[in-house]
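Asker: Next up is a structure, given as structure tokens.
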Amino acid sequence: MNLTDAQKQQISTWLDEGLKVADVQKKMIAELGVTMTYMEVRFLLDDLRLKPKDPEPPKAPAAASPIAPASAGTSAPAGAAAGLVPDAAAPVPGGRTSVTVDKLARPGTVVSGKVTFSDGQKADWYLDEMGRPGLVPAQKGYRPTQTDIMEFQDLLQVELQKLGF
């Protein structure tokens, strides 16, 4: 998709205002009439060398809540980036999505791994040689929620960055 310089500038302005990728995606549809998937928007931002601003951390005292919120970087098990942790049999604690990367990529792929969505459903994921993502659910016909997909994409990006992709 080719965007005009004015559209690119508008996207940059939205990011400067602190909008997240999903919000930029919605604004692109509503205001620019450009329809893109969440992943396509992420790739577009990468191509334009734009980064969403990190949200400011809450300034609440650490002991205020007995349950600390899990951040996106910690929802995957330790060692998952190296593919050292096998896919867990139990649902993800706290109902969050988790991603692991295989030590050895599936044939015909650049990188592959496993994902457990917030509802406990599991799937294999991969990126082929052309950079196209794929998801193979364990339960035939399963479709994760949009929220789970967005969380999966964020976690996948973090894990792949750890590996140098």
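Asker: Does the stretch 18-44 hold any residues that are β-branched (V, I, T), assigned to a loop (DSSP other than H, G, I, E, B) and loosely packed, with under 15 Cβ neighbours inside 10 Å, and which are they? Give the steps one after another, and end with the answer.
Answerer: To start, the set of residues in the stretch 18-44 that are β-branched (V, I, T) comprises 21, 24, 29, 34-35, 37, 41.
Filter once more, so that each one left must be assigned to a loop (DSSP other than H, G, I, E, B): 34-35, 37.
Residues satisfying the conditions are T35, T37.
Asker: Taking the stretch 1-27 as the region of interest, how many residues are closer than 24 Å to T147 by Cα and free of Cβ contacts under 8 Å to residues at least 12 places away in the same chain?
Answerer: 3
Asker: Looking at P144, is it within 15 Å of the chain's Cα centre (by Cα) and at pLDDT 65 or above?
Answerer: Numbers: within 15 Å of the chain's Cα centre (by Cα): yes; at pLDDT 65 or above: yes.
Considered against the rule, which asks whether it is within 15 Å of the chain's Cα centre (by Cα) and at pLDDT 65 or above, P144 comes out as yes.
Asker: Can you run down the residue pairs with Cβ atoms below 7 Å, 6 or more apart or on separate chains, where the first is in the stretch 106-133 and assigned by TED's automatic domain parsing to the domain that holds R96 and the partner is of a type in the set (D, E) and assigned to a strand (DSSP E or B)?
Answerer: Partner pairs satisfying both residue conditions: G108/D128; T109/D128; V110/D128; S112/D124; K114/D124.
Asker: Conditions: (1) in contact with an Asp or Glu (Cβ under 6 Å, 6 or more places away or on another chain); (2) closer than 11 Å to S98 by Cα. V136 meets all but one. Number of the miss?
Answerer: (2)
Asker: Further question: Would you confirm whether or not the stretch 103-117 contains a residue that is surrounded by 18 or more Cβ atoms within 10 Å (Cβ to Cβ), at pLDDT 90 or above and not in a strand (DSSP E or B)?
Answerer: Yes - at least one qualifying residue is present in the stretch 103-117.
The values are calculated or read from the model by the stated rules, or taken from the named source; none is laboratory data. This is a predicted model, so every value here is computed, not measured. We place every Cβ from the backbone using ideal geometry, glycine too, and count neighbours over all the protein chains shown.
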